[in-house]
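The values are calculated or read from the model by the stated rules, or taken from the named source; none is laboratory data. Because the structure is a prediction, the values reported are computed rather than measured. Please note: Cβ atoms are built from the backbone with ideal geometry, for glycine as well, and neighbour counts cover all protein chains shown.
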Amino acid sequence: MSISMPMKPNGDVIVFDIGGTHFRHAVFTQGGIGGSPPIKEETPSVFSHPKEDVKTLQQELVGKIANAVRFHRAKNPSIKLVGISFPAPVNSKGVALRTSGIWEDKGDNFPLLDRVKRQLCQPGEEDISVFVANDLTAAAESYAYEYRKSGKPCNFRLFDVVTISTGIGSKIYDMQTEEVLLNNEGTAGEIGHRPVTLQLGEEPLRCDCGAMNHLGSFASGRGIERVAQREAQKFPESFKESSLFKLTAGQIAQIKNELISKAILEKDPFCNAILEKNTLYLAQVLAQIANAVGITKFIITGGFALSLADRYLDSLINSLLQLKDYFYMQSEEEIRRMPELGNLGDTAGLCGIGLFASKRYERLQREQPRILSLPSSSSSSQPPQGEQVPHVRQMAATK
Ligand SMILES: [Zn+2]
């Protein structure tokens, strides 16, 4: 199957890519970041401000976002769109459901869209449209755009963006409908919290969420640290002979995934064995998604995977091939071609949320007459994920 879809971004968008430590903002224009480079600011998190109340930190972030919008609009007052990529599941009302990477569980169910919209209350800001999406949804938009732009024939309909960083997440994108697959709540892809089948001799391991033997227990950045620390305790002689021992001065508590990556790239057998085991857990889950949903392309991204780049990809391909009996429809060659590295650089999130906001705004413009003709109680009048529909809301409120 060959799909050809021209991309048509609609106007400039002030874009935000919120991370656990920093957030960046810029102006997205014509499919890229135009003019000035992105501006980086500190994210007010519980990790950087452990004594501060979470509500205060949340208000600080909202205030920083509004100030940045005003900064960009001072240069170009005609910009009406704002897109915010946020590192948490975000529902259809723009509520961040889990915020553990920024505010732990004290910040859950944060109505980010509503709060930003309320903050943008100065004269001239009434018609600003704000769109919020999960960061992987934004990244998936970027990858889809790059595929289209490359002009290469696209021989798959669905692809799955999988991130291996502190945690593990994924989002499936449909190239035909140009949408991320989400449930009615606007969420999906939490594969990091799916149980895996333990390999021979493997002992159970608790996940960040509290459950046992989730994919994230072993294969996330935090998981691989825990596995390496456990292996170092269990096999002190092997640890002593490893590069990791030298890198940590023999201190098990100092084992961090940056050092594990370094040791793997130095071809350290102790750390290589951990990587092989951990990609096998990821392969278990990917094979099941491939079979159940019909995915033939996995785009692997995230800090831990990208720090190892081809080494990580080779290990994952090797693990998928070990599980080739899980694949009913694919040949070995097709399995080899399934994963690829997604390395669009650090503007992928900003571009992705710009594409997302442009597309949702265009759709809103198309659908608004139809929405307004529906009764306000109709479920069909629900806006798509994370959208603010100021005119529709005003209409509903006056009924
Ligand atoms: Zn879990």
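Details
- Any hit, region 125-135, residues being closer than 19 Å to residue 304 by Cα, of a type outside the set (Phe, Trp, Tyr) and crowded, with 24+ Cβ neighbours inside 10 Å: yes
- For region 186-232, the set of residues classified as charged (D, E, K, R), more than 11 Å from residue 277 (Cβ to Cβ) and more than 9 Å from the ligand (Cβ to nearest atom) consists of 203, 222, 225, 226, 230, listed by residue number.
- Of the residues making up region 249-261, none is farther than 28 Å from residue 337 by Cβ, crowded, with 19+ Cβ neighbours inside 10 Å and not aliphatic (A, V, I, L, M).
- Elements of type strands (runs of 3 or more DSSP E) contained in region 110-182, each with 1 or more residues being under 21 Å from residue 283 (Cα atoms): 158-164, 168-174
- Region 70-89 - residue that is buried (at least 21 other Cβ atoms within 10 Å of the Cβ) and β-branched (Val, Ile, Thr) and, of those, farthest from residue 138 (Cα to Cα): 82
- Selected residue [modelled with pLDDT of 95 or more and of a type outside the set (A, V, I, L, M, F, W, C)] from 77, 111, 87, 123: 111
- Number of positions in region 321-358 that are of a type outside the set (Gly, Ala, Ser) and surrounded by 20 or more Cβ atoms within 10 Å (Cβ to Cβ): 8
- Any hit, region 218-229, residues being β-branched (Val, Ile, Thr) and closer than 25 Å to residue 170 by Cβ: yes
- Taking the criterion of being in contact with a Gly (Cβ under 7 Å, 6 or more places away or on another chain) and surrounded by fewer than 22 Cβ atoms within 10 Å (Cβ to Cβ), the residues of region 9-41 that qualify are 9, 20, 27.
- In region 90-108, the residue that is modelled with the highest pLDDT out of those that are surrounded by fewer than 18 Cβ atoms within 10 Å (Cβ to Cβ) and not in a loop (DSSP other than H, G, I, E, B) is 106.
- Matching helices (runs of 4 or more DSSP H) fully within region 291-368 where at least 2 residues are touching a Gly at 6+ places or on another chain (Cβ under 9 Å) and in contact (Cβ under 8 Å) with a residue 12 or more places away in the chain: 303-308
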